Every structure is written in structure tokens, then in C-alpha cells.
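Here the structure is laid out as C-alpha cells; the discussion comes afterwards.
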């Protein structure tokens, strides 16, 4: 039985998920469809998304799909037409990608974001939630991370997400848009991109261990992350869109578990679950990476009743099993 994160009847509400063919977006869209939403529209250009995710969603009668780009303002307006709630997940992720191509990151993550905000205002969207990132903490070393204390950005990607938060605040104050941002901490789970230049670390580990091909760990592997299973990201998006708590809107929240593990821990747990003795290869640390990451999630708990449902170990087993099937077909 799937967990339920809402109390409202969804049958009279229409939702737009940008980036809904992608990893987190497709999970949010699927949750809403499974739970009887009147309409769930996805906007995606397949830059990071997959047709296979759309195939899963299109089995539901309430699903609609627009293939389009958030850099086009008219497409955004069309996508927001008749929509009550927006979950904006579309972005060009990845710190290394932003360092290699800062112009594209800014065009999608900043200009595309502003297009979506304007379209939401013009279409009287009730509530708008969006994906920010723990990368905005930058060189702030204090652990755990609290929302009010950020450092200097370490990558173009971090700058784009910090800029999103500034625009969100201005749109809330200037246009009355009810909005909230979610600083994701290393979200992982089934449907993450297992291939490509910027593939997520867990699929890469599983693939390398199974095939006994080189698995690279950047630096000494002792850097820590608050690994967050995707189900928790779905929960915060659903609760954020639907909350009636006036104190909850126009804020930014950490989305995590509140526990951290090293990359070495992660690799060893993957290897243990796959019953392998395959050793990783260590290489130079990656530019723009934060050394240690751990979230304080008390704000989300108190204002959005966010309660992580699946911790690192359980989510990891589910994720490894998913990718084991992908790589042993």
C-alpha cells in the first residue's frame, strides 16, 4: 500500500509538473495520478527526461503531456492554463555540467524559472513549489545546514538556484504568488539517469560493481551527504502544494533526512548488497563540490508536517534492486 501524503480530495484539482518526464518529477506526477487528481499535466523537453517515464504516466486517463521548453514563455503560459498547483522540477542539474556550460544552466534554470513564475501569476495558480538545491549553502561550513545561513556559491549551478530563491521572494512580495522552494539534499531512487555524462552516483556504482568496470570516487570518499530517498521529495512537494498553513508559504525548506553518510559508506553498502569485492578507483576531488552536507529539517517538520518516511538504508536497497534489474537485463 502506497503512503498517503495528503488529506484533501484531489479530484477537483489540476496540477502541472514541469520536468515530469524526469526522475523526481515523474514520481510526483505518478503519486498525484494514483491518488485521483482531476488532471496532471507534464511539461518536459526530454533534456533530462525519458519517454519510459511518460509511458508509465500515460496509463492514467487524467494525464496530459506537453512537449516543450520552459525557455519559451508562450509554452509556459499554455502549460499553466487551467492549472491550480504547479510543482516546478524542470532544470539543468549537475554542478560539473554548469561549470562546463554556465550559459545553458542560466538560460534554463533562471530565465526558464522566471517564465514559469510569470505564467503562474498570469493564470492565477493557487500555489507554486519549486526545486532549489543544497548547493546554495556553498562554503558555509556549519552543520547541520539551516535555511537562514548560506555561504558563497561554489558553482554556476548553485548561483542559478540561489537566484531562483531571490526571484521567488520578489514574486511573492510583488505579485502575491504563494510559493515555496525545496533545497534538495542528494535525492536518489529508481528512475535516476543511469547513463549519460552526468549520471547519478548510485546507478554508476551499481553498474560498475555488477560489470566490474571502473567505479570512480572523487577525492578520498570521506565527504558526507544527507542522502534522501525520492519518496521524501514527493511528500514535501505534495504537502507544499496543498498546505493551507499561511505561515508555510513564501519560504525555502531543506528536504532531507537529517543523517549523513560518507561516499565510502555508500559504495560499501552497494558492494555489500550486491555481494561483491570490487574495489573503487579514487581520483582528484571535483571542482565546486561541497565537502560535508547535513540538513536541519525542523522547519519543514513544523510548518509542513514533513516526516521522512524512508531512511537511507531502506531507500538504498530499493534503489539498488531497481538498477540491478536495469543492468542485468
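Quick note: the coordinates plus some simple rules give every number you see, no bench work behind them. In this text, all values refer to a predicted model and were calculated from it rather than measured experimentally. Neighbour counts are summed over all protein chains in view; Cβ atoms, including those assigned to glycine, are modelled from backbone coordinates with ideal geometry.
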Checked segment 276-329 with the C-alpha gyration tensor, a ≥ b ≥ c its square-rooted eigenvalues, rounded below a/c of 1.5, otherwise prolate if a/b is larger than b/c and oblate if not; verdict oblate
Degrees separating the helix 230-242 axis from the principal Cα axis of the chain, which is the longest one: 20 degrees
Working out 0.36 nm times the residue gap between residue 124 and residue 329, then minus their Cα-Cα distance, what length gain in nm do you get to one decimal? 69.1 nm
At 222 nm, what value in deg cm²/dmol follows for the chain if DSSP H runs of at least 4 each add -39500 (n - 2.57) and the sum is divided by all its residues, to the nearest 500? -11500 deg cm²/dmol
Relative contact order for the chain using alpha-carbon pairs under 8 Å, separation at least 6, rounded to a whole percent? 17 percent
By Cβ neighbour count within 10 Å, fewest first, 249, 95 rank 249, 95
For 56, 257, what's the fewest-to-most ordering of other Cβ within 10 Å of each Cβ? 56, 257
What label, among (1) 18.3; (2) 15.5; (3) 21.0, belongs to mean projected area of the Cα convex hull in nm² computed from the structure on display? (2)
By the gyration tensor of its Cα atoms, with a ≥ b ≥ c the square roots of the eigenvalues, what is the shape of segment 96-173: rounded for a/c under 1.5, prolate for a/b over b/c, or oblate? oblate
Assign one of three labels to segment 34-134, namely rounded, prolate or oblate, based on the Cα gyration tensor with a ≥ b ≥ c the square roots of its eigenvalues; rounded applies when a/c is under 1.5, prolate when it is not and a/b is larger than b/c, and oblate otherwise. oblate
Taking the Cα centre of each part, how many Å lie between segment 238-310 and segment 1-32? 20 Å
Can you put 97, 283 in order of Cβ neighbours within 10 angstrom, beginning with the fewest? 283, 97
Between residue 274 and residue 245, how many nm apart are label points set 7 Å from Cα along the C-beta direction? 4.0 nm
